[in-house]
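Structure first, then comments.
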């Protein structure tokens, strides 16, 4: 009986000090990158990630800066922000505030505002 009580106490402490999103939410999400014209180079936060069209798995804890480039075209950049998922907010309020604070501080309750980014590149004006 004492072992069972100890296990319940330990389980309660772990659950009450870990956020639901920290435990349950996937650490990455898939984004789709397309462009007009196709075969543009893609950079995320300054790092080369391949060419369009493509699908990538990225962390959705923090915002992304996406840049599309192609010879003969002006580069096009997009900022993809994050937002807190409402479901994790509601669950975080449940037994204690500690899980909510953990999820907020770690960014684990965040999700990207957009999962499909389509870059439309303009031709470079060669007459300038």
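FYI, it's all coordinate maths here, none of it is from the lab. It should be emphasised that the depicted structure is a prediction, and the values quoted were computed from it without experimental measurement. Cβ placement follows ideal geometry from the backbone for every residue including glycine, while neighbour counts extend to all protein chains displayed.
Relative to the present Cα-Cα distance, how much length would full extension add between residue 115 and residue 62 at 0.36 nm per residue of separation?
Values: separation 53, 0.36 × 53 = 19.08 nm, distance 1.33 nm.
Gain on extension, residue 115 to residue 62, equals 17.8 nm.
Computed FRET efficiency, Cβ-Cβ of residue 5 and residue 84, R0 41 Å: what is it to the nearest 0.05?
E(calc), rounded to 0.05, equals 0.70.
Under 1.5 on a/c is rounded, so check that first for the stretch 33-74, then, if it is not, pick prolate when a/b is larger than b/c and oblate when it is not; a ≥ b ≥ c are the square roots of the alpha carbon gyration tensor eigenvalues.
The shape class here is prolate.
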